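Heads up, the thing below is written out as structure tokens.
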Amino acid sequence: MSAPKRRAVLLTAAGAGGALLTSATAFAAARGWRPRPGQVKVMLPTGQSNPAIATGVATGESVALYTSSGLGPDALNPDAPARTPEYWTDPSMTEDAEGVTVTEAQALLVLRKISDNLAAAGLSAADVITMKCYLMKPPGADLADYPGWNRAYRQFYANVDLASGDPVPVPMGTSAPKPPILANRARPARATMEVASLAVPGWLVEVEVTATYRRK
């Protein structure tokens, strides 16, 4: 009896790290499918041209990976009291926006720092395949600021329409959507969780990523 045909719905072939970005159900019927050596396949929700995250990532043998440490924001707001959340922000990143939350401001700084960390390793945000974010709730809040984190995330990731290839305007705070800080089609497989504490007093955001080196 012949094996079932393997059918893929290919959204784009120019994804993170040269990976294929493919619908999540593309290989569901292919029992025993596994990525080829050197292959990176990012699985996306079916039928969406601008999903925020991947449903998972498959990597074959001999894929070179880089994993960052967990990175938090730097103290770039000397006008704020030390050890407060506002101290760990960069006002220059949000000076033209209204309604930016402190979690959002910290996250913007962290994601820029992630890009610098990747560049030092010969990579870029386009090469990121997985991401973990740890959030603390701001003082006086009942929950972590997931909406603020998600707005900041879209400034650096998942902000290019996969069907048209055009950057998608994204909001910062309550301001009208504008072109993202970094146009990037990468959709990492991502987890976000609230934690009771982070290592540095005043931090509300810590992020770690895994990226793949492009095959030459």
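Please work out which residue is farthest from residue 64 (Cα to Cα), limiting yourself to the stretch 28-43 and to residues that are out of contact with any strand residue (DSSP E or B) (no Cβ under 6 Å at 6 or more places or on another chain) and modelled with pLDDT of 75 or more.
32
Matching residues to (1) modelled with pLDDT of 95 or more; (2) more than 22 Å from residue 191 (Cα to Cα); (3) among the hydrophobic types (A, V, I, L, M, F, W, C):
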| residue | (1), (2), (3) |
| --- | --- |
| 26 | no, yes, yes |
| 47 | no, no, no |
| 82 | yes, yes, yes |
| 107 | yes, no, yes |
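Check the stretch 49-58 and report whether any residue there is touching a helix residue (DSSP H, G or I) at 6+ places or on another chain (Cβ under 8 Å), in contact (Cβ under 8 Å) with a residue 40 or more places away in the chain and surrounded by fewer than 17 Cβ atoms within 10 Å (Cβ to Cβ).
Within the stretch 49-58, one or more residues are touching a helix residue (DSSP H, G or I) at 6+ places or on another chain (Cβ under 8 Å), in contact (Cβ under 8 Å) with a residue 40 or more places away in the chain and surrounded by fewer than 17 Cβ atoms within 10 Å (Cβ to Cβ).
When residue 96 is evaluated against the numbered criteria (1) closer than 20 Å to residue 157 by Cβ; (2) loosely packed, with under 13 Cβ neighbours inside 10 Å; (3) modelled with pLDDT under 95, which criterion, by number, is the only one it fails?
Going through (1) closer than 20 Å to residue 157 by Cβ; (2) loosely packed, with under 13 Cβ neighbours inside 10 Å; (3) modelled with pLDDT under 95 one by one, residue 96 breaks only (1).
If only one of 73, 169 is in contact with a Lys or Arg (Cβ under 8 Å, 6 or more places away or on another chain) and surrounded by 13 or more Cβ atoms within 10 Å (Cβ to Cβ), which one is it?
73
What single numbered condition from (1) touching a Pro at 6+ places or on another chain (Cβ under 8 Å); (2) of a type outside the set (A, V, I, L, M); (3) modelled with pLDDT under 95 fails to hold for residue 103?
(3)
Please find, among 163, 152, 158, the residue that is of a type in the set (Gly, Ala, Ser) and free of Cβ contacts under 8 Å to residues at least 60 places away in the same chain. Don't jump to the end; show me each part of the working.
Numbers: 163 fails: free of Cβ contacts under 8 Å to residues at least 60 places away in the same chain; 158 fails: free of Cβ contacts under 8 Å to residues at least 60 places away in the same chain.
Residue meeting the stated conditions: 152.
May I ask you to verify whether residue 196 is among the small types (Gly, Ala, Ser) and either surrounded by 13 or more Cβ atoms within 10 Å (Cβ to Cβ) or in contact with a Ser or Thr (Cβ under 6 Å, 6 or more places away or on another chain) (or both)? Quick ask: steps written out before the conclusion?
Details: among the small types (Gly, Ala, Ser): yes; either surrounded by 13 or more Cβ atoms within 10 Å (Cβ to Cβ) or in contact with a Ser or Thr (Cβ under 6 Å, 6 or more places away or on another chain) (or both): no.
Answer is no for this residue.
Quick check, is residue 125 of a type in the set (Gly, Ala, Ser), touching a helix residue (DSSP H, G or I) at 6+ places or on another chain (Cβ under 8 Å) and either closer than 30 Å to residue 22 by Cα or surrounded by 13 or more Cβ atoms within 10 Å (Cβ to Cβ) (or both)?
yes
The values are calculated or read from the model by the stated rules, or taken from the named source; none is laboratory data. Owing to the predicted nature of the structure, the values given are computational and were not obtained by experimental measurement. Glycine also receives a Cβ, built like all others from the backbone with ideal geometry; neighbour counts cover every protein chain displayed.
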